[in-house]
Amino acid sequence: MKRLMPIIIAAAVVIAGCAEVREYAQIVRNDTLSPAYRAALETWTRSKTVYSSFETRLKVVATYRSAQFQKAYREEYDRVCDGSVRLDATAPQGMEFLVYAYTPNREANDFADARSIWEVFMAVNGGERFVPVDLRRIEDVTPAMEEFFPYINRHHGSVYTVTFNSVGGGTGTITPRTDDFSLVFASVLGRAELDW
């Protein structure tokens, strides 16, 4: 019996430890957002990190606010808020992207500035370029925005909306269902292309 006592004590400690591990695992897990919304966010989001000499020059993450994504977003917003807070149901005009950008030098994170070192444009089918009709920094990043778009970290980067007309200034119309398009961020610091 004396030989079994250490084994019994060790088993009790392991069982109690497993309960603690399960409890911590539940703390880490984020059950706020539904799997359906997370799938839609993943489907319509692209990211790219640009490195130079082992240093991050740019990290950019963008969600294309397509009609399908907007539908999933509205449904999730209503589910989380139990319908008590109404979301503005206005669909984006043209093609709109929510963009999070990080640069190590905060002054270089200036996409919306008229004197920006970054050129932001859309390349369609590998050739035709479109410039945004609206590119603006979102100054008031809320905790709710950070929950719905978990890649946003307001303490490290900046958030922008980038909008393109559906009809381009050149030869035609951007048709997201049939055209390949890339959101491009280019400067002397590097180039990031997010492909859809």
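Assorted remarks:
- Considering segment 117-133, and only residues there that are exposed (fewer than 15 other Cβ atoms within 10 Å of the Cβ) and not in a loop (DSSP other than H, G, I, E, B), the residue that is farthest from the chain's Cα centre (by Cα) turns out to be 129.
- Only one of 141, 159 that is surrounded by 16 or more Cβ atoms within 10 Å (Cβ to Cβ), modelled with pLDDT of 90 or more, not small (Gly, Ala, Ser) and not in a loop (DSSP other than H, G, I, E, B): 159
- Residue check for residue 86: surrounded by fewer than 18 Cβ atoms within 10 Å (Cβ to Cβ), basic (Lys, Arg) and either at pLDDT below 90 or outside any loop (DSSP other than H, G, I, E, B) (or both): yes
- Number of the condition not met by residue 92 [criteria: (1) in contact with an Asp or Glu (Cβ under 8 Å, 6 or more places away or on another chain); (2) at pLDDT below 90; (3) under 20 Å from residue 163 (Cβ atoms)]: (1)
- Scanning segment 162-196 for residues that are modelled with pLDDT under 70, within 12 Å of residue 122 (Cα to Cα) and not in a loop (DSSP other than H, G, I, E, B) yields no hits at all.
- Selection count, segment 98-116, where residues are crowded, with 16+ Cβ neighbours inside 10 Å and either farther than 30 Å from residue 53 by Cβ or touching a residue at least 40 places away in the same chain (Cβ under 8 Å) (or both): 10
- Qualifying residue in segment 44-52 (condition: in a helix (DSSP H, G or I) and modelled with pLDDT of 95 or more): yes
- Of 109, 125, all but one fail to be touching a Gly at 6+ places or on another chain (Cβ under 7 Å) and at pLDDT below 90; the exception is 109.
- Looking only at segment 144-156, and only at residues there that are among the charged types (D, E, K, R) and within 20 Å of residue 40 (Cα to Cα), the one that is surrounded by the fewest Cβ atoms within 10 Å (Cβ to Cβ): 147
The values are calculated or read from the model by the stated rules, or taken from the named source; none is laboratory data. Predicted model, so just to flag it, every value in this text is computed and none were measured. Positions of Cβ are backbone-derived with ideal geometry, glycine not excepted, and every protein chain shown enters the neighbour counts.
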